[in-house]
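S.K.: Shown below is the structure under consideration.
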Amino acid sequence: MTEDKKPHGCVVAIQKLFSGCLALIATGFLGIVLFFLATEVKIEGMSLLVISVCGFFILRYLWKKVVRKSSSNTDAFKNILFNILRTVGIIILFSVIMAILMKNAGYVIEEENTIVKEETKKTEVITTTEGDKTVEYIVNNLRWKDFDGDRYRMNFKIEKANVPKSKKNRQSFKYTRSFTWGNFYKHMANHDAPLLEHLYTSFSKIQKEKKMNRKKFAEFIITSVQNIQYNYIKSTPCNGNEDYPCVGNVRLGIFAPVEFGANLTGDCDSRTVLLFVLLSKFNYDVAILNSDQYKHSVLGISVPARGKYKTYNRKKYYFVETTAKGCPIGYLPKDVSSLRYWDFVLVN
């Protein structure tokens, strides 16, 4: 009768070292998963704590046999194989859990090639039949993050026939000695507001799906416009030296809300007027503030916030910079931050 030889010392050492490395890999992968869920998918609070505790419990349970002593060289090599399989299984398990949580949170991975493609071709024209009519829509698919890092995807859908109507109305406003920017903005806002029903519906649908509160919903709308590429809109020809894309020979240097919603090409007041219309539709107290000193236009909104504001009829209207991503309510860039240079030009 023969007995299995005890495992060689070198084999045991290799087994322990290899098993220890695999355990570190598995633990490190769990750490990466938790970090990604916290920073990108924005899972936090008790949910993140429960996931962390469960993850480390699963890891410990699946790895508890690592310390089991091998009775032979064969047994030692079997343990190494089992540890490899165990590590692969843990990585697959945590990957599946992460994918499920990402899907439930609405997180979308944006590949570089996809982003480039979307940036070079944002607009498409679709044709639908509505009753006896054939209607064409200009559709821009937008993806963006709000101030909390939550991701959204939504179509900016504008009826194509409304774009020339919006342009004609904008161009019809007479520039006289009594001209004011507030009256001009109001002229465009009142005309275009009924023509943006598809945008109202799209925003409202996502609000209900995500169960957003009032402030979250305002930030959702604001960040959708902040995300759009900035462009100069000039009443004179572009000179070719602009540091942003430029559209010249546009009367009064602005696109009306329907025009901007269709071409996604706008400067500061093109954006503030669109946001003024959108937020007014959802019963927010909003205003447009202009600065002759800074040659700039921003939005004002009366919601609970921190930062810079101006008061109108005893209401605090917090500044909203609309031309750059990630500028929260109440923020003004330093180079345009002196409140005395800002004036209300339109309040709803």
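The values are calculated or read from the model by the stated rules, or taken from the named source; none is laboratory data. Because the structure is predicted, anything quoted here is derived from the model rather than measured. As a convention, Cβ positions derive from the backbone with ideal geometry for all residues, glycine included, and neighbour counts pool all protein chains shown.
S.K.: Taking the stretch 251-281, which residues are over 20 Å from the mean Cα position of the chain (by Cα), hydrophobic (A, V, I, L, M, F, W, C) and farther than 19 Å from Asn162 by Cβ?
M.R.: Leu252
S.K.: Consider the stretch 131-189. How many of its residues are of a type in the set (Phe, Trp, Tyr), assigned to a loop (DSSP other than H, G, I, E, B) and surrounded by 14 or more Cβ atoms within 10 Å (Cβ to Cβ)?
M.R.: Our first condition is that a residue be of a type in the set (Phe, Trp, Tyr); within the stretch 131-189, this holds for 137, 144, 147, 152, 156, 173, 175, 179, 181, 184-185.
Restricting the remaining residues to those that are assigned to a loop (DSSP other than H, G, I, E, B) gives 147, 173, 175, 179.
Add one more test, that the residue is surrounded by 14 or more Cβ atoms within 10 Å (Cβ to Cβ), and what stays is 147, 173.
The total comes to 2.
S.K.: Check every one of the strands (runs of 3 or more DSSP E) wholly within the stretch 243-337 and list those with 2 or more residues that are touching a residue at least 24 places away in the same chain (Cβ under 8 Å) and among the hydrophobic types (A, V, I, L, M, F, W, C). Full working, then the answer.
M.R.: Details: elements: 286-291, 296-301, 309-312, 315-320.
Filter on the stretch 243-337 gives 286-291, 296-301, 315-320.
S.K.: A further question on this structure: How many of the residues in the stretch 290-308 are of a type outside the set (Ser, Thr, Tyr) and either within 16 Å of Glu219 (Cβ to Cβ) or surrounded by 24 or more Cβ atoms within 10 Å (Cβ to Cβ) (or both)? Outline the logic, then answer.
M.R.: Going residue by residue through the stretch 290-308, those that are of a type outside the set (Ser, Thr, Tyr) are 290, 292-293, 295-296, 298-301, 303-308.
Then keep just the ones that are either within 16 Å of Glu219 (Cβ to Cβ) or surrounded by 24 or more Cβ atoms within 10 Å (Cβ to Cβ) (or both); that gives 298-301, 303-307.
Within the stretch 290-308, residues that are of a type outside the set (Ser, Thr, Tyr) and either within 16 Å of Glu219 (Cβ to Cβ) or surrounded by 24 or more Cβ atoms within 10 Å (Cβ to Cβ) (or both) number 9.
S.K.: With respect to Lys186, determine if the residue is closer than 21 Å to Phe260 by Cβ and in contact (Cβ under 8 Å) with a residue 60 or more places away in the chain.
M.R.: Working: closer than 21 Å to Phe260 by Cβ: yes; in contact (Cβ under 8 Å) with a residue 60 or more places away in the chain: yes.
Considered against the rule, which asks whether it is closer than 21 Å to Phe260 by Cβ and in contact (Cβ under 8 Å) with a residue 60 or more places away in the chain, Lys186 comes out as yes.
S.K.: Quick check on Lys186: is it within 17 Å of Ser224 (Cβ to Cβ), of a type in the set (Lys, Arg) and in contact with a Leu (Cβ under 9 Å, 6 or more places away or on another chain)? Please lay out each step first, then the result.
M.R.: Details: within 17 Å of Ser224 (Cβ to Cβ): no; of a type in the set (Lys, Arg): yes; in contact with a Leu (Cβ under 9 Å, 6 or more places away or on another chain): yes.
The answer is no for Lys186.
S.K.: When you scan the stretch 103-110, do you find a residue that is surrounded by 14 or more Cβ atoms within 10 Å (Cβ to Cβ), at pLDDT 80 or above, touching a strand residue (DSSP E or B) at 6+ places or on another chain (Cβ under 8 Å) and not charged (D, E, K, R), even just one? Give the derivation first.
M.R.: First, pick out the residues of the stretch 103-110 that are surrounded by 14 or more Cβ atoms within 10 Å (Cβ to Cβ): 105-107.
Restricting the remaining residues to those that are at pLDDT 80 or above gives none.
Scanning the stretch 103-110 turns up no residue that is surrounded by 14 or more Cβ atoms within 10 Å (Cβ to Cβ), at pLDDT 80 or above, touching a strand residue (DSSP E or B) at 6+ places or on another chain (Cβ under 8 Å) and not charged (D, E, K, R).
S.K.: Can you tell me which residue among Lys160, Lys168, Lys133 is among the basic types (Lys, Arg), modelled with pLDDT under 90 and on the phi < 0 side of the Ramachandran plot? Spell out the reasoning first.
M.R.: Working: Lys160 fails: modelled with pLDDT under 90; Lys168 fails: modelled with pLDDT under 90.
Checking each option against the conditions leaves just Lys133.
S.K.: In the stretch 241-269, how many are touching a strand residue (DSSP E or B) at 6+ places or on another chain (Cβ under 9 Å) and under 22 Å from Val125 (Cα atoms)?
M.R.: The total comes to 11.
S.K.: Does the stretch 242-262 contain at least one residue that is surrounded by fewer than 16 Cβ atoms within 10 Å (Cβ to Cβ), out of contact with any helix residue (DSSP H, G or I) (no Cβ under 9 Å at 6 or more places or on another chain) and among the small types (Gly, Ala, Ser)?
M.R.: yes
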